[in-house]
1. Just name the residue that is most open to solvent (accessible area, probe 1.4 Å) out of those in the range A:93-111 that are modelled with pLDDT under 95 and more than 8 Å from chain B (Cβ to nearest Cβ).
2. Would you please name the residue that is farthest from B:Gly40 (Cα to Cα), looking only at residues in the range A:69-81 that are in contact with a strand residue (DSSP E or B) (Cβ under 7 Å, 6 or more places away or on another chain) and assigned to a loop (DSSP other than H, G, I, E, B)?
3. Specify the residue that is farthest from the other protein chains (Cβ to nearest Cβ); the eligible residues are those in the range B:100-113 that are modelled with pLDDT under 95 and not in a loop (DSSP other than H, G, I, E, B).
4. For the range B:87-99, check the following and say yes or no: at least one residue is crowded, with 16+ Cβ neighbours inside 10 Å, more than 11 Å from chain A (Cβ to nearest Cβ) and free of Cβ contacts under 8 Å to residues at least 60 places away in the same chain.
5. Just for the range A:21-37: of the residues that are modelled with pLDDT under 95 and over 13 Å from A:Glu94 (Cβ atoms), which one is farthest from the other protein chains (Cβ to nearest Cβ)?
6. Among the residues of the range B:10-23, which ones are open to solvent by less than 60 Å² (accessible area, probe 1.4 Å) and within 13 Å of another protein chain (Cβ to nearest Cβ)?
7. Residues in the range A:65-74 that are open to solvent by less than 50 Å² (accessible area, probe 1.4 Å) and of a type outside the set (Phe, Trp, Tyr): how many?
8. Please work out if B:Ser7 is away from chain A (no Cβ under 13 Å) and at pLDDT below 95.
Amino acid sequence: AQSVTQLDSHVSVSEGTPVLLRCNYSSSYSPSLFWYVQHPNKGLQLLLKYTSAATLVKGINGFEAEFKKSETSFHLTKPSAHMSDAAEYFCVHEDSSYKLIFGSGTRLLVRP
Amino acid sequence: ETGVTQSPTHLIKTRGQQVTLRCSSQSGHNTVSWYQQALGQGPQFIFQYYREEENGRGNFPPRFSGLQFPNYSSELNVNALELDDSALYLCASSWAQGPNEQFFGPGTRLTVL
């Protein structure tokens, strides 16, 4: 069965420092993987998606993620955190019937 | 271009009641998916509708049902509400089936007392 595991429930960084949100996936085929962000009282917004093209995927707001098949990972990074990045982030796997399977989420806290 | 909208924003019901949640898909989208997000968890897929037909269902009991209308808007109905049904219900629309981006609405917060 396809699944995603987000390794940290909370990540706290200082403004201006790098962000790393970790995600491992399990899939029996070449997966489609996404990162979504959820700000309080707002809908989920797509940050980026991997669909078997380039392994390094660039998204919005300076985020990027690297697909590593050997490690079954799809970690999300950003070189420099901004206060507005504080939110809940979800790693998402799309199954063979195009249903989205969400991880449990990582809450990113950004300290001033 | 109008995004995905959901109504109502918040809803309070008592155990055993029935509830209907509504979703208007983004212009041009013909596929609607519904998700349940319990507090502190990631969203879980309930079901998807494509051209007014159910097209895939997650691990939810039959008291969760839905409809899609000719204009591609959708309803989620939940009968015999239970306390554990308290959650944020999210609707997402997309164009056709397949690996197309799903656009999410802001959700309906349902509280069951």
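1. Here the answer is A:Ser96.
2. In this case the residue turns out to be A:Thr72.
3. In this case the residue turns out to be B:Phe103.
4. Looking through the range B:87-99, at least one residue is crowded, with 16+ Cβ neighbours inside 10 Å, more than 11 Å from chain A (Cβ to nearest Cβ) and free of Cβ contacts under 8 Å to residues at least 60 places away in the same chain.
5. Ranking the qualifying residues of the range A:21-37, first place goes to A:Ser28.
6. B:Cys23, the sole residue that qualifies.
7. 2
8. No: the conditions fail for B:Ser7.
The values are calculated or read from the model by the stated rules, or taken from the named source; none is laboratory data. These figures come from a predicted structure and were not determined experimentally. Here Cβ is always computed from backbone atoms with ideal geometry, including for glycine, and neighbour counts include all displayed protein chains. For the accessible areas, the whole protein counts, side chains as well, though only heavy atoms, and no ligand, DNA or RNA atoms are used. Shrake-Rupley method; radii C 1.70, N 1.55, O 1.52, S 1.80 Å.
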